[in-house]
């Protein structure tokens with residue numbers, strides 16, 4: 001048996017923390033963070049007023065958060081567009097450079113005539129030198 005065959009979490013851990021892992025509050029105990037203290041000694045009318053104010057505040061907070069996110073998304077879109085333009089200009093510069101290099105290479109094509117004439121001259125000079133050396137020895 002390997003050491004991983006046991007339970008990943010104890011039963012207590014699952015009972016206590018598993019709902020919170022997924023954002024669910026399945027306990028019926030009062031909050032340990034004091035979220036329910038404002039409603040503890042209030043009448044039903046005060047409780048509903050607090051809940052309505054809380055809901056309105058939550059709606060306002062959500063709208064503010066949504067606008068902040070929209071602003072961030074717009075900023076991110078502007079940044080992405082700037083990067084797109086930067087990369088496009090760099091690609092265009094590379095293309096222009098490559099085309100200039102190709103044009104420069106095409107302007108001076110390889111001409112074999114000087115190499116052939118030079119090679120024949122070397123062979124002729126070697127032949128004449130051999131002839132003169134052979135004539136002197138004879």
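Would you mind finding the one in 74, 88 that is at pLDDT below 90 and surrounded by 10 or more Cβ atoms within 10 Å (Cβ to Cβ)? Reasoning before the result, please.
Details: 88 fails: at pLDDT below 90.
One residue alone meets the criteria, 74.
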Inset, instruction - Specify which of the listed residues (42, 68, 79) is surrounded by 10 or more Cβ atoms within 10 Å (Cβ to Cβ) and at pLDDT 85 or above. - result: 79
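The values are calculated or read from the model by the stated rules, or taken from the named source; none is laboratory data. It should be emphasised that the depicted structure is a prediction, and the values quoted were computed from it without experimental measurement. So basically every Cβ, Gly included, is an ideal-geometry build from the backbone, and we count neighbours across all protein chains shown.
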